[in-house]
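> Here it is: the structure, laid out below.
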Amino acid sequence: MSNNKKVNIFLLIIAVVLFIFLPRFLSGYMVRVITTIFMYAVIAQGMNIMSGYMGYLPFGNAMFFGIGAYVTAIGMSKGLPFLVVVPLAAITAILFSILLGLPVLRLRGHYFAIATIGMSAAILSVVKNATEITGGAMGTTLPIIDKDPSIVYNYFYLAMFGLMVITTLSLYFIIKSRFGFGIRSIKANEEAAISMGINTTYHKVVAWAISALFTSIAGALYAYWMSFIAPDEVFDVMIAVNTVVIMLIGGAGSILGPIIGAFIIELFAEVAWSAFLEYHLAALGIIIIIIVFFVPKGVSGTIADFIKRKKIRARKRVSI
Amino acid sequence: MGGNNTILKIMNLSKHFGALKAVDEVSFEVKKGEIIGLIGPNGAGKTTLTNLATGAYSKTDGKVIFKDLDISNLKPYQIARMGLTRTFQVVKPLIGMTVEENVLVGSLYGRDKRNTDMKNASKRAKEIIKLVGLESKKDFLVSDITLPDLKKMEFARVLAMEPEVVFLDEVMAGLNPTEVTEASILVKKIRLEKDLTIVYIEHIMKAVMGISDRIVVLHHGRKIVEGTPQEVVNDPAVVEAYLGKRYAKGIKEANNEG
């Protein structure tokens with residue numbers, strides 16, 4: 001292991017420890033804001049594997065968030081414990097992603113993105129109308145944890161943080177593996193990829209299943225955390241829109257990008273809320289436009305470019 | 001012809017796009033270790049034939065037999081893993097990756113199952129990069145290297161898959177005469193070292209002559225001639241396809257007089 005790598009791992013461990021103890025110094029409100037940031041980072045990692053690394057934008061990914069939330073709500077209303085319900089939620093989402101992915105992943109580019117929005121809308125209307133099972137459009141409640149709210153919020157802060165760390169680490173190892181090279185090849189040039197022995201259909205379906213897994217567990221935690229969910233909220237297309245923006249700003253196709261993006265966007269949204277009560281969406285929109293124009297590779301991509309340029313310059317100096 | 005050392009058999013292969021017969025009942029055989037030149041004017045069906053043989057297009061009719069198996073209904077990735085691969089007329093580098101990573105993908109997903117392991121694949125990729133002479137460029141992004149280097153990279157990527165038969169689709173296109181000579185030497189050298197069978201697609205006749213054992217000439221989707229380079233250049237049908245009827249007639253008359 002190189003020294004550089006050792007330093008990076010050391011810094012990451014320090015960051016993890018800091019985040020674990022951070023809630024002690026924050027207001028209850030800020031703890032909830034940061035929990036939301038972690039949640040968006042997880043959903044953005046689900047988008048990152050599909051879009052950032054494989055080049056397929058799953059705009060309807062909110063459906064897995066909703067599926068995760070609803071399976072959790074229904075399972076817990078039947079008296080199942082949370083830790084049993086979460087795997088069920090994940091398996092349901094994965095099954096959906098495979099069944100829908102096999103036909104839809106034949107479509108490329110925008111057509112795939114649009115098809116997933118359609119599916120998300122279809123599932124939303126099923127959930128809204130299957131009133132006996134889902135509680136219908138009015139939403140449904142989950143059991144409340146019988147403890148002091150601040151302790152409960154700390155639980156969810158830690159759970160969401162743990163989920164974010166696990167998804168990010170898994171993504172890191174996936175991307176470094178043979179499978180990771182396979183999906184990156186699909187983004188780079190699908191025709192070349194298939195001629196190089198890559199079973200593109202298999203790779204696409206598995207990547208979407210992983211994406212569904214990440215997103216559905218975030219949904220499951222969210223449902224238990226909120227203890228009330230409604231279809232229009234957990235299947236909201238805006239979840240996906242927000243996530244795409246987070247991924248782009250942090251840097252699509254980079255491991256830490258989605259986390260950086262989630263912090264930037266969510267914290268900025270907080271500031272925008274309080275400073276521009278009436279125009280906060282407009283202010284957010286302007287910031288997004290500015291970033292897309294001036295930092296098109298996202299924050300982490302721009303930093304990586306900067307480091308690379310510095311290295312090349314250093315190498316040139318040596319050779320002179 | 002035929003016999004045990006035939007590795008690839010194209011049998012009555014056809015591909016129609018509506019009324020256009022892009023490839024029309026073409027048959028020929030390729031023996032192990034041979035270099036076959038596949039030539040013909042623009043639009044003769046050379047690239048379509050490559051796409052059919054490697055599974056990128058589905059055939060209208062006919063068969064492709066590779067190592068005694070009918071592969072004409074298999075997917076491109078299955079055919080590639082069996083050891084029949086290709087380069088592209090217009091290079092298709094994996095953008096966003098380095099030269100080494102491009103070659104690594106080839107070895108990870110190639111014919112040799114040991115290379116599904118990252119360590120083995122990476123070692124293999126390094127060897128191949130050395131073999132084609134791209135060592136000094138291995139950490140460059142593919143978007144930062146020149147066309148001749150891209151062509152070398154694409155050749156390296158295919159070699160990393162440990163193929164038995166390679167379709168080289170106009171690897172010389174866009175290269176200047178010096179680069180063409182260099183590339184020909186490289187192909188010859190590696191072919192011997194790796195015991196490769198090569199189907200060499202070109203529309204520049206001169207580039208194929210020196211390198212091929214046999215040549216197949218396509219015109220309007222049909223095979224018009226097959227033979228040694230000498231037989232092919234002197235064939236009136238080939239001259240006609242390339243230079244037009246009047247020129248061919250002139251040659252015929254000259255031959256008769258002489």
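Every read-out reported here was derived from the displayed coordinates using simple, explicitly stated rules and does not represent laboratory data. These numbers come from a predicted model, not from an experiment. When we count neighbours, we look across all protein chains shown, and the Cβ atoms used for this are built from the backbone with ideal geometry, even at glycine.
> In Å, what is the Rg of the alpha-carbon atoms in the protein assembly as shown, and how long is Dmax?
29.3, 110
> Okay, next question. Looking at the square roots a ≥ b ≥ c of the eigenvalues of the Cα gyration tensor of the range A:9-122, which shape do they give, rounded for a/c under 1.5, prolate if a/b is larger than b/c, or oblate?
oblate
> Can I ask one more? Suppose we keep just the DSSP beta bridges with both residues in the protein assembly as shown; what percent of those would be antiparallel, to 5?
60
> Order these peptides, A:240-248, B:107-115, by their mean beta-carbon neighbour count within 10 angstrom, highest first.
My ranking of the peptides, most packed first, is A:240-248, B:107-115.
> How well do other chains shield peptide B:153-163, expressed as the mean number of their Cβ atoms within 10 Å of each residue Cβ? List each step's numbers first, then the result.
Values: counts 0, 1, 0, 0, 3, 2, 0, 1, 3, 0, 1.
Average neighbour count from other chains, rounded to a whole number: 1.
> Count of lysine pairs in the range A:183-320 with Cα atoms under 21 Å apart, counting only pairs 8 or more residues apart in sequence or on different chains?
6
> Taking the mean number of other Cβ atoms within 10 Å as a proxy for protection, how do you rank A:112-123, A:12-23 from highest to lowest? The partial results should precede the final answer.
Details: A:112-123: 18.2, A:12-23: 12.3.
In decreasing order of mean packing, A:112-123, A:12-23 become A:112-123, A:12-23.
> A further question follows. Is the shape of the range A:1-68 rounded, prolate or oblate, going by the alpha carbon gyration tensor and its root eigenvalues a ≥ b ≥ c, with a/c under 1.5 for rounded and a/b larger than b/c for prolate?
Taking the square roots of the gyration eigenvalues as a ≥ b ≥ c, the range A:1-68 is oblate.
> Okay, next question. Report relative contact order for the range B:90-163 in percent, whole number only (criteria: Cα-Cα under 8 Å, sequence separation at least 6).
For the range B:90-163, the relative contact order is 48 percent.
> From other protein chains only, count the Cβ atoms within 10 Å of every residue's Cβ in B:104-112, then give the mean. Write down the numbers at each step before the final one.
Numbers: counts 2, 11, 4, 2, 10, 10, 2, 1, 0.
The per-residue average across the peptide is 5.
> Need the list of lysines near B:LYS9 for cross-linking: C-alpha distance under 20 angstrom, and skip anything on the same chain fewer than eight residues off.
Within the straight-line limit of under 20 Å, B:LYS9 reaches these lysines: B:LYS31, B:LYS32, B:LYS46, B:LYS59, B:LYS63, B:LYS67, B:LYS75, B:LYS223.
> Continuing with this model, one more query. Work out from phi, with θ = phi - 60° and the Karplus expression 6.51 cos²θ - 1.76 cosθ + 1.60, the ³J(HN,Hα) of each residue of the range A:143-157, listed in order in whole Hz, and give x for Gly and Pro.
Once rounded to whole Hz, the list reads x, 9, 6, 8, 8, 4, x, 5, 5, 4, 5, 5, 3, 5, 4.
> Long-range amide H contacts for B:PHE167: which residues qualify at under 5 Å (H placed 1.01 Å from N, peptide plane, sequence gap of 5 or more or a different chain)?
Amide H neighbours of B:PHE167, under 5 Å, 5+ apart: B:THR85, B:ARG86, B:THR87, B:VAL199.
> Now a separate question. With a/c under 1.5 counting as rounded, go ahead and sort the range A:3-319 into rounded, prolate or oblate using the C-alpha gyration tensor (a ≥ b ≥ c being the square roots of the eigenvalues; past the cut-off, prolate if a/b is larger than b/c, else oblate).
Oblate, since a/c reaches 1.5 and b/c is not below a/b.
> Give a residue-ordered list of calculated ³J(HN,Hα) values for the range A:194-203 (Karplus: 6.51 cos²θ - 1.76 cosθ + 1.60, θ = phi - 60°; whole Hz; x for Gly, Pro).
5, 6, 9, x, 8, 6, 5, 4, 4, 4
> Still on this structure, please answer the following. Along the positive direction of the dipole of the range A:3-319 (beta-carbon charges: Lys, Arg +1; Asp, Glu -1; about the Cα centre), which of A:THR131, A:ALA218, A:VAL299 reaches farthest?
About the Cα centre, the residue reaching furthest to the positive side is A:VAL299.
> Among A:TRP225, A:TRP273, A:TRP208, which comes first, then next, by fewest other beta-carbon atoms within 10 Å?
So the residues, fewest neighbours to most, are A:TRP273, A:TRP225, A:TRP208.
> Turning to a different aspect of this structure: Taking amide hydrogens as modeled 1.01 Å from N in the peptide plane, which residues meet the under 5 Å criterion relative to B:ILE224, leaving out close sequence neighbours?
Here B:VAL217, B:LEU218, B:HIS219 satisfy the definition.
> Still on this structure, please answer the following. Counting other beta carbons within 10 Å of each Cβ, put A:THR201, B:THR87 in order, fewest first.
Lowest count first: A:THR201, B:THR87.
> Something else about it: Step through the residues of the range B:191-203 one at a time and calculate ³J(HN,Hα) from phi using the Karplus curve (6.51 cos²θ - 1.76 cosθ + 1.60, θ = phi - 60°), rounding each to whole Hz and writing x for Gly and Pro.
4, 5, 5, 9, 6, 8, 9, 10, 9, 9, 9, 8, 10
> With 10 angstrom as the radius, rank B:SER184, A:SER97 by how many other C-beta atoms surround their C-beta, starting from the fewest. Please list the in-between numbers first.
Numbers: B:SER184 17, A:SER97 29.
Final ranking by Cβ density, sparse to dense: B:SER184, A:SER97.
> Work out the mean other chain Cβ neighbour count within 10 Å for the residues of A:176-182 and drop it here as an integer. If you can, show how the numbers build up before the last one.
Values: counts 1, 2, 9, 1, 2, 10, 3.
So the per-residue partner count for this stretch is 4.
> Tell me, how many Å apart are the Cα centres for the range B:163-186 and for the range A:251-284?
Centre-to-centre distance over Cα atoms comes out at 51 Å.
> Using amide H atoms built 1.01 Å from N in the peptide plane, name the residues 5+ places from B:LEU38, or on other chains, whose amide H lies under 5 Å from its own.
When sequence neighbours closer than 5 places are left aside, the close amide H contacts are B:TYR200, B:ILE201, B:GLU202, B:VAL216.
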